[in-house]
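Take a look at the structure set out below.
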Amino acid sequence: MEATESTTLNEAINWLQDRIVEGAECPCCGQFAKLYKNRSISGRMASDLITAYLSVGVGEWFRLPDFDTTNETSKLAHWGLIEEKPGMREDGAKHAGWWRITHRGRQFILNQLAIPKRAMIYSGSLLGLDDTETVTIVDVLGTKFNYTELMTGVSAAR
């Protein structure tokens, strides 16, 4: 759809909503719009989370790029496993760039918490979690990573 002067906002919204699952370019702003209904945590994201935990523990702020090998680890915030420090960076960038592992994240890392397997994400924002199926960190790591080996020497008191 190419928006014209006579295209109403409701027409554009309805047109885009009909195509949001497969994805389409918004006729108003040109942004690619897609609803990701099956976004899940990868084994690499879980491994990055463990690496950050082993380095800084819970509650300490850290720079995510120091631990993020996927450029997707920030998505762990959708499950409440990490949180971003409020505010803006000194250079005025939108995101502070500092993150910390939450207590929920610690429970997940220690295999004490199962979380919804899938998140529904639109334009980087969480629309909701699909809790029809849950996973533990061991499930997420799968066979590519050995949970016991990754967590060797870690006490639950960290």
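Brief remarks on what is shown
- Residue count for the stretch 41-65, restricted to those that are part of a helix (DSSP H, G or I) and either hydrophobic (A, V, I, L, M, F, W, C) or surrounded by 16 or more Cβ atoms within 10 Å (Cβ to Cβ) (or both): 14
- For the residues Asn111, Asn71, the requirement of being modelled with pLDDT of 95 or more, outside any helix (DSSP H, G or I) and within 23 Å of Gly142 (Cα to Cα) singles out Asn111.
- Hey, Trp99 in contact with an Asp or Glu (Cβ under 6 Å, 6 or more places away or on another chain), among the hydrophobic types (A, V, I, L, M, F, W, C) and surrounded by 13 or more Cβ atoms within 10 Å (Cβ to Cβ) or not: yes
- Residue count for the stretch 130-150, restricted to those that are within 24 Å of Leu35 (Cβ to Cβ), within 16 Å of the chain's Cα centre (by Cα) and not hydrophobic (A, V, I, L, M, F, W, C): 3.
- In the stretch 53-74, the residues that are closer than 16 Å to Pro86 by Cβ and without any contact (Cβ under 8 Å) to a residue 60 or more places away in the chain form Cβ pairs under 9 Å with partners that are among the small types (Gly, Ala, Ser) and assigned to a loop (DSSP other than H, G, I, E, B), at six or more places apart or across chains, as follows: Trp61/Ala96; Arg63/Gly97; Leu64/Gly97.
- Among the residues making up the stretch 1-51, those that are touching a strand residue (DSSP E or B) at 6+ places or on another chain (Cβ under 9 Å) and aliphatic (A, V, I, L, M) are Met1, Leu16, Ile20, Val21, Ala24, Ala33, Leu35, Ile41, Leu49.
- Residues in the stretch 20-33 that are under 18 Å from Thr4 (Cβ atoms) and either touching a residue at least 40 places away in the same chain (Cβ under 8 Å) or surrounded by fewer than 16 Cβ atoms within 10 Å (Cβ to Cβ) (or both): Glu25, Cys28, Cys29, Gly30.
- Of the residues making up the stretch 114-142, those that are polar (S, T, N, Q) and modelled with pLDDT under 95 are Ser123, Ser125, Thr132.
The values are calculated or read from the model by the stated rules, or taken from the named source; none is laboratory data. It should be emphasised that the depicted structure is a prediction, and the values quoted were computed from it without experimental measurement. Cβ: placed from backbone, ideal geometry, glycine included. Neighbour counts: every protein chain shown.
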